[in-house]
Amino acid sequence: MLTYVADVLEDGFIEKVKSDISEIKGLAYCVGSIDLKPLRMVNEQDFQKCMKLNLYSAVEAIKGFQESLKKNKGSIVLFSTVAAQRGFTNHAIIASAKAAVEGLTVSLAAEFAPNIRVNCVAPSLTKSKIAEPMLKNTAIAEGIAKAHPLKRLGEGKDSAALAKFLLTEDSSWVTGQIIAVDGGRSKLS
C-alpha cells in the first residue's frame, strides 16, 4: 500500500500525482477540514474552498485514475463526516461539502459497477492535526468524547482499518455504502 501526499487545492495536482504513479488498484481520498462557524459569519469563499477540497478535487482524482481502476477492478474510498447526516451547530460548511461527497459516492458506485467499487467512511471527530485546535482544551475534548456512546474520540487507526478493508478483495461485495466510524454517535446518541 502506497501513501501519496499532495496539495489537492493546487491546480493540476492530479497530473503531478500521475507523473509519479500511473497504475493503481485502489484510491483512498483522505482529505478533510474543520471550518466551524455560524452561518452569519460564512461567506461564499468559505463554501467554495471547502467544496474544492472535499468534492471537486476528489472528482479530479477519480477521473485521473478511472481507467486504471477500471482495468484493475479497483476500489475507491472517500471520506465524509458524521456531521453530513446529523445536524451539528456551526457545521454548515463542512456538512454541506461532505454530504456532496456522500452523494458522489452512491452515484459513482452505480455508474462504475461492476468494474469499480465506491464506498465512503464517515468518521466523527478524530484525534488528528486538523482537530488539535479543538482538542487542546481538555474540557471540550472530554465533553465531545462523552457525547459518543463509546465515550472516547476516534483515532486515525479506526478509520484507516475500515478504509483498508474497503480497498481489499475482502470487501468485494460492498459498494455504494456510507459507513460511520463514530463510536455510535450517528445512531445511538
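Any read-out appearing in this document is the output of simple, stated calculations on the displayed coordinates, not a laboratory observation. Not measured: the values here are computed from a predicted model. A quick note on method: Cβ atoms are made from the backbone with ideal geometry, for glycine too, and the neighbour counts reach across all protein chains shown.
Kindly list, by first and then second residue, each pair from a residue in the stretch 167-189 that is farther than 20 Å from Val101 by Cα to a residue that is hydrophobic (A, V, I, L, M, F, W, C) and in a loop (DSSP other than H, G, I, E, B), limited to pairs with Cβ atoms under 6 Å and residues at least 6 apart or on different chains.
These pairs meet every condition: Gly183/Leu150; Gly184/Leu150.
Among the residues of the stretch 1-34, count how many are in contact (Cβ under 8 Å) with a residue 12 or more places away in the chain, in a loop (DSSP other than H, G, I, E, B) and over 15 Å from the mean Cα position of the chain (by Cα).
Of the residues in that region, 9 qualify.
Just to be sure, is Lys98 among the basic types (Lys, Arg) and either part of a helix (DSSP H, G or I) or closer than 15 Å to Cys30 by Cβ (or both)?
It is true that Lys98 is among the basic types (Lys, Arg) and either part of a helix (DSSP H, G or I) or closer than 15 Å to Cys30 by Cβ (or both).
Out of the residues in the stretch 142-171 that are farther than 19 Å from Ser33 by Cβ and of a type in the set (Gly, Ala, Ser), which is nearest to the chain's Cα centre (by Cα)?
Only one residue fits best here, namely Ala161.
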